[in-house]
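S.K.: I have a structure I would like to understand better, so I am pasting it below and will then ask my questions one at a time.
The values are calculated or read from the model by the stated rules, or taken from the named source; none is laboratory data. Predicted model only: the values in this text are computed from it and were never measured. All Cβ positions, even for glycine, are placed from backbone atoms using ideal geometry, and neighbour counts span all protein chains on display.
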Amino acid sequence: MTKIVTLSRPLPLPRIEAGGEAVEFVRVSSVADIPTEALAHISTAMDPVDGEFIAGMPEGQRLIANIGVGVDNIDLTAAAARGIAVSNTPVVTEDTADLAFALILGAARRVGEGERYLRAGKWSAGEAPPALGTRVHGQALGLVGFGPIAQAVARRARGFGMKVHYWNRTRREEAEAALGATFVPDLAELLGQSDFVSVHTALVPATRNLINADRIGQMRKGVVLVNTARGGIVDEEALCNALEAGHLGAAGLDVFADEPQVLPALLERQDVLLTPHIGSATSACRMDMAQCVLGNVVSFLESGTVLTPVETG
């Protein structure tokens, strides 16, 4: 007998078995397309799994296996109400930290603007160069959130002799001691003492637009702001206004509030380095993510439990 697992979008997954039976992956465009015999659903961070979708899932479909660390695309309350398990793929730490630090360097040194200047023939034509960049080594880095990815960024920052500070809901003394980081319990204080601010908190109601106009106003003049967490955490219009006013020095963004659409004002700015949500986009990381989601699916189909569960209630 074949076990049915639905997909939110086409994914290059290999043939697998669970409990000695073949697993068939079925792409669905809406909850109405889900076969009644489906047992699990695989989604990605780009695919909303809202309350309406969850309410329409067949009775026997008891797992939402998300590809990615964040699960803000899933209505966890609705999943808990129906007894549906949720899993994620927390295997993106080092690759996302690599990109976060790349954005720190690229935004500070205005790499994107410099490349566009060169490619347009402006350098060879002797035109005025882009504005000067910002020094990175030896500067103060403020981490908003101090989970695994932020800690990995802190390790990279140590190689640049940066002074690392962090704000988090709970103090993490063991990690801060290992990384030479300093806990700052007040977010305003953290923002006011940082030359670079990198966002690494989850997107939940309490953190939506956490970095708003008031918070940006608490930052030092010339700060470089980087976000590789979730787009809804930073108020993009406030960010653009602060850049236009000269309060912020530059920004690097891999995530956006209305993905895949990007605020036109961001696209127009030369002082913002933009990437299309590629924190995990290395071949090795994507392989790790595929193995993790498949491991969760097989474990659930065979035992009713998952390897990397998400708390739903």
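S.K.: State all residues of the stretch 134-170 that are surrounded by 14 or more Cβ atoms within 10 Å (Cβ to Cβ), without any contact (Cβ under 8 Å) to a residue 40 or more places away in the chain and in a loop (DSSP other than H, G, I, E, B); if no residue qualifies, say none.
M.R.: Residues satisfying the conditions are 160, 162, 168.
S.K.: I'm told residue 10 meets every condition in (1) part of a strand (DSSP E or B); (2) more than 30 Å from residue 226 (Cβ to Cβ) except one. Can you identify the failing condition by its number?
M.R.: Only one criterion is unmet by residue 10, namely (1).
S.K.: Mind listing just one residue for me: the one in the stretch 232-278 that is among the β-branched types (Val, Ile, Thr) and touching an Asp or Glu at 6+ places or on another chain (Cβ under 7 Å) and, of those, nearest to residue 201 (Cα to Cα)?
M.R.: Across the stretch 232-278, the extreme among qualifying residues is 278.
S.K.: Which condition breaks for residue 208 when tested against (1) charged (D, E, K, R); (2) more than 16 Å from the chain's Cα centre (by Cα); (3) more than 15 Å from residue 225 (Cβ to Cβ)?
M.R.: Answer for residue 208: the failing condition is (2).
S.K.: Inside the stretch 93-124, can you point out the residues that are under 22 Å from residue 251 (Cα atoms) and assigned to a loop (DSSP other than H, G, I, E, B)?
M.R.: 109, 110
S.K.: If the Cβ limit is 9 Å and pairs must be 6+ apart or interchain, which residue in the stretch 267-290 that is crowded, with 17+ Cβ neighbours inside 10 Å pairs with which residue that is assigned to a helix (DSSP H, G or I) and polar (S, T, N, Q)?
M.R.: 279/96; 280/96; 285/96
S.K.: Now for a separate question. Please go through the stretch 57-82 and pick out each residue that is in contact with a helix residue (DSSP H, G or I) (Cβ under 9 Å, 6 or more places away or on another chain) and either modelled with pLDDT under 95 or under 18 Å from residue 9 (Cβ atoms) (or both).
M.R.: Result: 57, 63, 64, 65, 66, 67, 68, 69, 72, 74.
S.K.: Out of (1) out of contact with any Asp or Glu (no Cβ under 7 Å at 6 or more places or on another chain); (2) within 20 Å of residue 260 (Cα to Cα); (3) acidic (Asp, Glu), what's the single condition that is false for residue 33?
M.R.: (2)
S.K.: Sort through 9, 27 and tell me the only one that's touching a Pro at 6+ places or on another chain (Cβ under 7 Å), under 27 Å from residue 276 (Cβ atoms) and among the basic types (Lys, Arg).
M.R.: Only one candidate qualifies: 27.
S.K.: Looking at the stretch 42-54, is at least one residue small (Gly, Ala, Ser), in contact (Cβ under 8 Å) with a residue 24 or more places away in the chain and surrounded by fewer than 19 Cβ atoms within 10 Å (Cβ to Cβ)?
M.R.: Yes, because at least one residue in the stretch 42-54 is small (Gly, Ala, Ser), in contact (Cβ under 8 Å) with a residue 24 or more places away in the chain and surrounded by fewer than 19 Cβ atoms within 10 Å (Cβ to Cβ).
S.K.: Here is a further query. Scan the stretch 182-203 for residues that are modelled with pLDDT of 95 or more, out of contact with any His (no Cβ under 7 Å at 6 or more places or on another chain) and assigned to a loop (DSSP other than H, G, I, E, B) and jot them down.
M.R.: 185, 186, 195, 200, 201, listed by residue number.
S.K.: Please go through the stretch 204-247 and pick out each residue that is in a loop (DSSP other than H, G, I, E, B), farther than 18 Å from residue 275 by Cβ and among the hydrophobic types (A, V, I, L, M, F, W, C).
M.R.: 204, 210, 219, listed by residue number.
S.K.: Continuing with the same structure: State whether the residues of the stretch 124-131 include one that is of a type in the set (S, T, N, Q) and under 25 Å from the mean Cα position of the chain (by Cα).
M.R.: No: the stretch 124-131 contains no residue that is of a type in the set (S, T, N, Q) and under 25 Å from the mean Cα position of the chain (by Cα).
S.K.: Has the stretch 75-89 got at least one residue that is within 15 Å of the chain's Cα centre (by Cα) and either surrounded by 13 or more Cβ atoms within 10 Å (Cβ to Cβ) or of a type outside the set (A, V, I, L, M) (or both)?
M.R.: Yes: the stretch 75-89 contains one or more residues that are within 15 Å of the chain's Cα centre (by Cα) and either surrounded by 13 or more Cβ atoms within 10 Å (Cβ to Cβ) or of a type outside the set (A, V, I, L, M) (or both).
S.K.: Any residue in the stretch 248-265 that is modelled with pLDDT of 95 or more, crowded, with 18+ Cβ neighbours inside 10 Å and assigned to a helix (DSSP H, G or I)?
M.R.: Checked the stretch 248-265: no residue is modelled with pLDDT of 95 or more, crowded, with 18+ Cβ neighbours inside 10 Å and assigned to a helix (DSSP H, G or I).
S.K.: So, one more: Identify the residue in the stretch 13-22 that is touching a helix residue (DSSP H, G or I) at 6+ places or on another chain (Cβ under 7 Å) and not in a loop (DSSP other than H, G, I, E, B) and, among all such residues, is farthest from residue 55 (Cα to Cα).
M.R.: 16
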